[in-house]
Every structure is written in C-alpha cells, then in structure tokens.
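Student: Sending over a structure as structure tokens; questions will come in a sec.
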Amino acid sequence: MNISTLIFDCDGTLLDTFEDLKNAVNYALTTSSYPLHDDDYVRLRIGNGVSNLVKWTMPESANPEEHAACLKLFEDYYDAHMQDYTKPYPGMLDLLQNLLDRGYQIAIVSNKYQTGVDVLNNQYFKGLFKVAIGTSPDIERKPAPDMVLQAMKELGVKPDQCIYIGDTEVDIKTAKNAHIPCIGVTWGFRDQATLEELGCQYIGHKTEDILSIMENINNNN
C-alpha cells in the first residue's frame with residue numbers, strides 16, 4: 001500500500017521557531033536570576049516540550065516550585081511573542097501545497113502545547129492542515145505514539161499509509177513507536193550525523209527533498 005499521509009512535527013520541521021523559543025527561555029531565566037546559555041545549548045534541548053525545555057535550561061538545583069514559576073514566565077512571554085521571528089522554512093508552503101495537489105493528506109503532531117500549535121497553524125498555514133495536534137493533559141506526548149495515532153484516527157488512515165517527518169531524536173523515536181517510517185530533516189535543530197546515528201531511514205536537506213523521497217518510496221512499493 002502506498003503512503004498517502006504525511007504527519008509533520010512543527011518546531012524545527014515546518015517552522016523556524018528558534019529565536020522566539022530562545023528569547024522566551026532567556027526572559028524566564030533572566031527574570032528568575034538564573035544564568036543564560038548559548039544558542040547551541042538551548043537548541044539541543046528543544047523537542048521534548050516546553051516544560052522540559054525550561055527544566056533543562058534551569059540550574060540542576062532548582063526545585064519543582066521554582067520550575068513551575070519559571071515555566072509560567074516562559075509561557076506568558078512566549079504566548080505574547082511566538083510570532084516575533086517565527087517563519088516557515090524556505091519552500092515549505094510550496095511543498096505543502098504540492099503535497100495536497102498530489103492527493104496526499106497532511107497533519108501536524110507537535111510537543112508544543114495545543115494552544116500554541118493552534119495559533120501558529122492558523123497564522124502560517126491557514127487551512128492547509130485538517131489535523132493539528134499538540135500536547136494536552138488528555139494525551140501522552142511524543143515519543144509516545146498516542147498523538148500520531150490520534151492524527152491517523154482523525155484522518156481515517158492506517159499506519160502503513162503514513163510517514164512521520166521531524167528533526168530530532170524525539171521524532172525518530174515517535175515514528176518507531178507508531179510503527180511508521182520517518183523522514184529526518186537537517187534544516188531544524190539536529191544535524192545529519194545525529195539523525196543517521198539514530199537510524200533515521202530517510203533524510204531531507206531541503207524542503208523539496210520531501211517530494212522526491214515520497215516518490216521513491218511509493219514507486220518502490
């Protein structure tokens with residue numbers, strides 16, 4: 001059976017969100033009188049949800065109450081500034097339209113909280129995605145397969161019709177846990193060596209690579 005559905009991660013895959021995430025981290029840390037980190041340190045801690053991003057950039061000695069306070073600072077700032085610098089990666093909108101024109105279904109599954117996913121989806125993708133799932137108390141986040149399986153359910157497809165596209169180790173693990181193939185992309189928060197080390201089946205270096213990868217997969221089925 002050919003793959004008909006592409007499920008995308010958001011941050012580092014569809015959208016370049018790094019500057020806005022970093023600025024929110026720096027605001028929360030500075031306001032809490034914690035030391036800041038360089039860009040690479042922050043970048044490597046993105047992908048596991050904002051709670052972990054904040055936790056992993058705080059001092060190890062911080063207690064749960066301090067984490068909750070710092071997370072609140074992050075979320076308040078990010079809610080107000082998530083569109084300051086964020087933008088789709090070059091060629092992304094053309095890719096998504098090309099996929100739809102060729103009859104593919106597309107969805108978003110992200111460890112960003114649901115309201116953030118909704119805001120960015122509505123701002124940048126206006127109607128392209130039928131399904132856009134973020135984290136909520138009702139569903140286990142990636143790398144658990146639950147959100148991917150929910151997207152499949154809402155789209156009416158089975159695992160052998162789907163592929164996941166992401167940029168971090170969390171995405172590769174999510175695809176494995178959902179028993180679907182994964183395309184890793186190098187324009188996000190991890191490099192090719194990391195993706196290869198994690199056993200990613202397919203790697204894209206620019207957005208248009210996704211189309212050629214899909215053609216190769218489906219032509220060889």
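Student: Just list whichever of LYS112/LYS173; LYS22/LYS55; LYS22/LYS142; LYS126/LYS176 have alpha carbons separated by over 24 Å in the model shown.
Tutor: LYS126/LYS176
Student: Now a separate question. Within 13 Å, Cβ to Cβ, of ASP79, how many net charges do the neighbouring residues add up to if Lys/Arg are +1 and Asp/Glu are -1?
Tutor: Cβ neighbours under 13 Å give a net charge of -3.
Student: What residue among ASP118, ASP40, ASP160 shows peak mean-square fluctuation when the chain is described by a Gaussian network model with Cα springs under 10 Å?
Tutor: ASP40
Student: Out of [x] 11.7; [y] 17.8; [z] 12.3, which label holds the value of mean projected area of the Cα convex hull in nm² that was computed here?
Tutor: [x]
Student: Just to be sure I understand the model, the point goes 7 Å from the Cα along the line to the Cβ. What's the resulting SER212 to THR30 distance in nm?
Tutor: 4.3 nm
Student: I've got another one for you. Run the accessible area of segment 17-173 with a 1.4 Å probe and give the carbon-and-sulfur part as a rounded percent.
Tutor: 50 percent
Student: While we're here: Nothing charged except the Cβ atoms of Lys and Arg (+1) and of Asp and Glu (-1): what's the magnitude of the dipole of segment 66-221 about its Cα centre? Round to the nearest 20 debye.
Tutor: 340 debye
Student: Would you mind computing Rg(Cα) / (2.2 N^0.38 Å) for segment 1-107, counting N as its residues?
Tutor: Cα Rg divided by the expected 2.2 N^0.38 Å: 1.31.
Student: Heavy-atom accessible area per residue, the chain, 1.4 Å probe: how many Å²?
Tutor: Roughly 46 Å² per residue, with all protein chains present.
Student: On to the next question. May I ask for the net charge around ASN48, where only other residues with Cβ less than 10 Å from the Cβ of ASN48 are counted and Lys, Arg are +1 while Asp, Glu are -1?
Tutor: Local net charge: +3.
The values are calculated or read from the model by the stated rules, or taken from the named source; none is laboratory data. In this text the structure is predicted, and so the values were computed from the model without any measurement. For neighbour counting, all protein chains shown are included, and Cβ atoms are generated from backbone atoms with ideal geometry for every residue, glycine included. Surface accessibility is based on the protein's heavy atoms, side chains included, excluding ligands, DNA and RNA. Shrake-Rupley method; radii C 1.70, N 1.55, O 1.52, S 1.80 Å.
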